[in-house]
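Single-structure report; data block below.
The values are calculated or read from the model by the stated rules, or taken from the named source; none is laboratory data. The structure displayed is predicted, hence computed values, not measured ones. Because the Cβ atoms are built from the backbone with ideal geometry, glycine has one as well, and the counts that use them run over all protein chains shown.
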Amino acid sequence: MPKFSSQRRNKRKFHGNRFTSKQRVQDEEIVALESTSSGSGASSLHCQKEAEECSASFQKLVTNTQEGKPKPEVDDQISEENSPAITGLRFCDMEVLSSVFAQLRCGDCGNFSLLLMEDNMKRKGCASTLRLLCEHCGWKHSFCTSKKQGKSYEINRRLVYGMRTIGKGYAGARKFCAIMNMPPPPTEKAFIFNSRVIGRHVKEIAKESMKKAGQDIYAFKNQCTASEAGPFNCGVSCDGTWQKRGYSSRNGCVTVISMDTGRVLDVEALSQGCKQCERHEHLDKTSLEYQTWRAEHTKCKANFRGSAPAMEPEGAEHIFQRSVELHNLRYTEFYGDGDSKSFSRVKGVYEDAGIEMEKKECIGHVQKRRVGTALRKLKRENPGLGGKGKLTDSQIDKLQNYYGIAIRSNVGDLAGMKKAIHASLMHCASTEARPLHDHCPTGSASWCRYQQDKANGTKLYKHGPGLPLEVIAKLKPEYI
Ligand SMILES: [Zn+2]
Ligand SMILES: [Zn+2]
Ligand SMILES: [Zn+2]
């Protein structure tokens, strides 16, 4: 892994290939330049500010481009259509950029002598300050590659937001920048600061979005029912997830999604640990130092004691208990895992109002539990089942997905569903030497591409590794 040097490097010059490509500026390029300079108001406020502050020559550049050079005749409409205002960020190779500048004339002296450099002293994370210098007359202009957002640069904010979204931190950002051959990201301190700011805003937005989602359902139910005022009853899907798979996860969250709109109504994050508490654990509990810290520590992050699987019912209970207060809604239809302990925990929440909750199954959960979880368990208990060419994890995922297709395409038709489930197993177990597609639907519209081939007279379908017969025999009772 390449390491970043801690010292600042000397100013680096991008010479590009201006000596090899010193041709006349193409007409199109003049058009492109003019359209960007005339649209500079839209392209960046920062640029304008810089221009006012630092260089009158920048403004000269903007105005002079029209004067000194022959202006090609272009149809205004066409040029507008071809060059819509460009926004957002791009990864741009500095050598490419500097070779573009090498093809442009200096606004002051008119020579092809513009040099692009970076001011390393002014670089803030991924926001670089670039400087254009005319080697002939000394004209110069510097600008930053990113706009400012409050105290931070947009690019740095976005980098932190992006990293946090994909579950990476500062180390991840450093690696990413190193591999992309970019300057290193902001310092760890700045990274954490940005991360906190983003966290605050994201939380607020999420709150607003959930409030809006609740209001929408309230309005929808209000239209549907004769009664004027809530609380109204609605159906939700409830599920928990953990930071890590298995039972060792210390953080988890429970989400409730509306069955009517598919939008998130409420979330509850549960954590077993608190960094602050852990830091003060070694202190004597009777000492003044501990006592004063304890008195100050009002926002403890640890809100849950117990095992990871017990988080889901706990979180669900909190969410259901505050549903009336939060949205004036009652989540009376519960879609969740078949074996979910959450339902038994929350089913009495609305008892006082005389309302009983109804438990429903949803296909996503059925396919995960009936196939995914069941087959993984079967494999654990029968070591002979797994291994290459047998029941692998990817094979289980495939079976699980086909199971879902079989159920979804046969809603309301139990016999058809059973047949389709059987067909899905046989289809996945097929190999090139032993095709088992007799149960798959025939014809060119079939989901089975083997049958499609048969109907169309083509040979496009390629079999996967399939499953041996003895494995199929073991799976069958689990499946049907
Ligand atoms: Zn010059
Ligand atoms: Zn704490
Ligand atoms: Zn098939």
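Put simply, of 232, 176, 220 the only residue that is farther than 22 Å from residue 257 by Cα and of a type in the set (Phe, Trp, Tyr) is 176. Pairs meeting the criteria (first residue in the range 298-311 and more than 10 Å from residue 272 (Cβ to Cβ), second residue within 16 Å of ligand 2 (Cβ to nearest atom), beta carbons under 8 Å, at least 6 apart or on different chains) are 300/274; 300/276; 300/277.
Just to be sure, is residue 150 surrounded by 21 or more Cβ atoms within 10 Å (Cβ to Cβ) and either under 30 Å from residue 198 (Cα atoms) or touching a Ser or Thr at 6+ places or on another chain (Cβ under 8 Å) (or both)?
Judged against the criteria, residue 150 is not a match.
When you scan the range 396-408, do you find a residue that is of a type outside the set (A, V, I, L, M, F, W, C), surrounded by fewer than 13 Cβ atoms within 10 Å (Cβ to Cβ) and out of contact with any Cys (no Cβ under 6 Å at 6 or more places or on another chain), even just one?
Checked the range 396-408: no residue is of a type outside the set (A, V, I, L, M, F, W, C), surrounded by fewer than 13 Cβ atoms within 10 Å (Cβ to Cβ) and out of contact with any Cys (no Cβ under 6 Å at 6 or more places or on another chain).
Within the bounds of the range 198-219, is there any residue that is over 25 Å from residue 362 (Cα atoms) and in contact with a Gly (Cβ under 7 Å, 6 or more places away or on another chain)? So far as the range 198-219 goes, no, none of its residues is over 25 Å from residue 362 (Cα atoms) and in contact with a Gly (Cβ under 7 Å, 6 or more places away or on another chain). Within the set 94, 117, the sole residue that is of a type outside the set (Lys, Arg), more than 16 Å from ligand 1 (Cβ to nearest atom), within 20 Å of residue 181 (Cβ to Cβ) and modelled with pLDDT of 90 or more turns out to be 94. All of 125, 150 fail the test of being on the phi > 0 side of the Ramachandran plot and at pLDDT below 90, apart from 150.
Scanning the range 290-301 for residues being of a type in the set (Phe, Trp, Tyr) and either at pLDDT below 85 or within 16 Å of ligand 1 (Cβ to nearest atom) (or both) gives a total of 0.
Residues are listed down the side, and each one gets a yes or a no for (1) at pLDDT below 85; (2) surrounded by 13 or more Cβ atoms within 10 Å (Cβ to Cβ); (3) closer than 30 Å to residue 222 by Cα:
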residue	(1), (2), (3)
288	no, no, no
303	yes, yes, no
312	no, yes, no
316	no, yes, yes
321	no, yes, yes
327	no, yes, yes
336	yes, yes, yes
342	yes, yes, yes
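Please enumerate the residues belonging to the range 147-171 that are without any contact (Cβ under 8 Å) to a residue 12 or more places away in the chain and farther than 22 Å from residue 203 by Cβ. Matches in the range 147-171: 171 only. Specify which of the listed residues (217, 155, 166) is crowded, with 17+ Cβ neighbours inside 10 Å, among the aliphatic types (A, V, I, L, M) and over 22 Å from residue 87 (Cβ atoms). Being crowded, with 17+ Cβ neighbours inside 10 Å, among the aliphatic types (A, V, I, L, M) and over 22 Å from residue 87 (Cβ atoms) holds for just one of 217, 155, 166, which is 217.
If a residue must be of a type in the set (D, E, K, R) and either touching a His at 6+ places or on another chain (Cβ under 7 Å) or without any contact (Cβ under 8 Å) to a residue 60 or more places away in the chain (or both), how many such residues does the range 93-125 contain?
Selection size over the range 93-125: 3.
Within the range 120-149, the residues that satisfy the criterion of being basic (Lys, Arg) and either near ligand 1 (Cβ under 9 Å from one of its atoms) or assigned to a loop (DSSP other than H, G, I, E, B) (or both) are 123, 147. Checking 192, 205 one by one, the residue that is over 30 Å from residue 130 (Cα atoms) and more than 16 Å from ligand 1 (Cβ to nearest atom) is 205 and no other. Contact map, the range 313-333: first residue among the basic types (Lys, Arg), second residue in a helix (DSSP H, G or I), Cβ cut-off under 9 Å, separation 6 or more or different chains; pairs are 330/320; 330/323; 330/324; 330/353. Taking the range 178-191 on its own, how many of its residues are modelled with pLDDT of 95 or more and buried (at least 17 other Cβ atoms within 10 Å of the Cβ)? Matching residues across the range 178-191 total 0. I'm checking my understanding of the structure. Among residues of the range 256-311 that are within 16 Å of ligand 2 (Cβ to nearest atom) and aliphatic (A, V, I, L, M), which one is farthest from residue 342 (Cα to Cα)? Within the range 256-311, the match that is farthest from residue 342 (Cα to Cα) is 283.
Only one entry of 473, 445, 429, 415 meets the criterion of being hydrophobic (A, V, I, L, M, F, W, C) and surrounded by 17 or more Cβ atoms within 10 Å (Cβ to Cβ), and that entry is 429.
Among the conditions (1) of a type outside the set (Asp, Glu); (2) in contact with a helix residue (DSSP H, G or I) (Cβ under 8 Å, 6 or more places away or on another chain); (3) more than 8 Å from ligand 3 (Cβ to nearest atom); (4) in a loop (DSSP other than H, G, I, E, B), residue 428 misses just one, which is (4). In the range 221-261, how many are over 30 Å from residue 274 (Cα atoms), at pLDDT below 85 and among the hydrophobic types (A, V, I, L, M, F, W, C)? So the answer is 3. Can you tell me how many residues within the range 456-480 are at pLDDT 80 or above and among the aromatic types (Phe, Trp, Tyr)? The number of residues fulfilling the criteria is 1.
Restricting the first member to the range 366-385 and to residues that are among the β-branched types (Val, Ile, Thr), and the second to residues that are surrounded by 15 or more Cβ atoms within 10 Å (Cβ to Cβ), the beta-carbon pairs closer than 7 Å and six or more apart or on different chains are 366/407; 371/399; 371/400; 371/403.
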